[in-house]
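Data block below; observations after.
The values are calculated or read from the model by the stated rules, or taken from the named source; none is laboratory data. Note that the structure is predicted; figures quoted are calculated from it, not measured. In this analysis, Cβ positions are derived from the backbone assuming ideal geometry, glycine residues included, and neighbour counts consider all displayed protein chains. To get the accessible areas, we keep the full protein, side chains included, count just its heavy atoms, and leave off ligands, DNA and RNA. Shrake-Rupley method; radii C 1.70, N 1.55, O 1.52, S 1.80 Å.
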Amino acid sequence: MNKNVIAGLLALLLILGAGITEVLIVSNRYKVVSQRCNELISLAENNSLTQKEYQQFADDWSKLRTLSELLLPHTDVYEVTLRISEAEGYLIGGMNEDLVAQLKVIKTLLEYIPDNVVPDFHHIV
Amino acid sequence: MIIIFLRALIMFTVLLVVIRLMGKRQIGEMEPFELVITLVIADLACIPVSDRTVPLTFGIVGILTMFVIHQLILLLSKNMRMQNILSGKPVMVVDKSGINTYALHRLNMQVNDLLQALRTTNHFSLEEILYAIMETNGQLTVVENKQITEKQQTLPVPVIMQGKWDEDDISRNGIDKNKVQALLKKRKIKLSHVVFLAVDEKNRMTLQTKNRSISFENIEGEKLIK
C-alpha cells in the first residue's frame, strides 16, 4: 500500500472517529445538562429553586459551552447562553412564572442541539 | 481580528498539507474530478476563516473529506472502466482524413476551439499535423507531419467554418468572398458542406468538406488575401 492510500485511510478513520465521538460526547453531555435542567424546572415550579443551585447549573453549562463551540455552530450555543442569563435574571427578580417558562425553553434547546449532530437523512439533506 | 488571523493561518496550513498530499498539478492539467475538488476546497477553507460562528473543525473535516474522496478516486481510476467514467477518454479530433467533426461535437467544441488549441501547441496549419488528440485534462496532443520540412511561416486565415463565413477575418484580410464562392462552385461544393476552409498569404488553401478528406492545394491566379 502506498503512502497516499495510507494517508487517505488515516484521514477517513480520523473523520469517522471524530464524528462518532462528537455524536456520543455531545449527546451524553447534553443529556446530563438537560436532566439537570429538568430538576431545576421541578424546583422552580415548587418555588424552591435557590440561586446556588442555579449557579451550579450555569457552571455546568459553561463547561459544556466550551466543548460545544468547538463542534457546533456558535449561533445554537449562543442561544442557550443567552437564555440561561435571562433565566437567572428572572430568578433574582422573583419572577417565577417567567423563570419556569425560560427553563422549559432551555430544556428544549438542550434536546434540540445534540439532535442536530446525529447524521440522519433529514439533517444531511 | 487576531482570531480571524489565527484561523486563516490554521486553514492555510491544513490546505497546504492536504494539497501537497494530493500532489496537485497546474490548473490546465487537472482531471475533471480534481478541478471539482479544488473548487470545493477553496470554499470549505474560506467560510470558517471569515465566519467566526462556524467552527474551524467544520472546514477541516470538509477538507479532509475532499482528500479522502481524491484518494478513493485515484484508487478507483486504476480500473480502466472506472477511469473512463470518472475522467472520460482521450478523443482523436484530427486524423488523416482531417477534422473529426463528430468528435468535436461530442466534446462540445467548435472548429475555432480546435484551431485555438492547435495554436497553443505551436501549430498554425492543419497541414503540419497528422493526428491531434484531446486528452481528458483538456490538453491537446499532436503528432506532427514529418513530411512538412518547413515550419509554417504564414498564418492561414479561416474563411469558412462549419458552413458559415468568418466575416471578421474576411473583412480584416480583404478576402474576396466571390472568388472563394467561385472556387467552391468549380469543385461543386456547397457552402453548407464546408467544414473548414482557410487560405494564407501564399494562396495555399486548406479545405475540408463533410464527406471528403482534408486537402491542401495552391490556388492559381490572383492572391485571395490582399
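Of the numbered criteria (1) hydroxyl-bearing (Ser, Thr, Tyr); (2) surrounded by 14 or more Cβ atoms within 10 Å (Cβ to Cβ); (3) within 12 Å of chain A (Cβ to nearest Cβ), the one B:THR38 fails is (3). Say whether the condition of being farther than 30 Å from A:ILE15 by Cβ, hydrophobic (A, V, I, L, M, F, W, C), assigned to a helix (DSSP H, G or I) and touching a residue at least 60 places away in the same chain (Cβ under 8 Å) is met by at least one residue in region A:44-58. No, because not a single residue in region A:44-58 is farther than 30 Å from A:ILE15 by Cβ, hydrophobic (A, V, I, L, M, F, W, C), assigned to a helix (DSSP H, G or I) and touching a residue at least 60 places away in the same chain (Cβ under 8 Å). Going residue by residue through region A:104-120, is there one that turns out to be over 16 Å from A:VAL33 (Cα atoms), in contact with a His (Cβ under 9 Å, 6 or more places away or on another chain), hydrophobic (A, V, I, L, M, F, W, C) and open to solvent by less than 60 Å² (accessible area, probe 1.4 Å)? Yes - at least one qualifying residue is present in region A:104-120. Annotation: of all residues in region B:42-64 being more than 9 Å from chain A (Cβ to nearest Cβ), aliphatic (A, V, I, L, M) and in contact (Cβ under 8 Å) with a residue 12 or more places away in the chain, the one that is farthest from A:HIS74 (Cα to Cα) is B:ILE63.
Within region A:83-90, not a single residue is aromatic (Phe, Trp, Tyr), without any contact (Cβ under 8 Å) to a residue 12 or more places away in the chain and surrounded by 13 or more Cβ atoms within 10 Å (Cβ to Cβ). Output yes when any residue across region A:2-23 is loosely packed, with under 11 Cβ neighbours inside 10 Å, more than 11 Å from chain B (Cβ to nearest Cβ) and within 18 Å of A:SER85 (Cα to Cα), and no when none is. The answer is no, given that none of the residues of region A:2-23 is loosely packed, with under 11 Cβ neighbours inside 10 Å, more than 11 Å from chain B (Cβ to nearest Cβ) and within 18 Å of A:SER85 (Cα to Cα). The residue of region B:188-216 that is farthest from B:ILE170 (Cα to Cα), among those that are free of Cβ contacts under 8 Å to residues at least 12 places away in the same chain and basic (Lys, Arg), is B:ARG212. Search region A:63-78 for residues being open to solvent by 60 Å² or more (accessible area, probe 1.4 Å) and over 21 Å from B:SER50 (Cα atoms), and hand back the single one that is nearest to the other protein chains (Cβ to nearest Cβ). Here the answer is A:ARG65.
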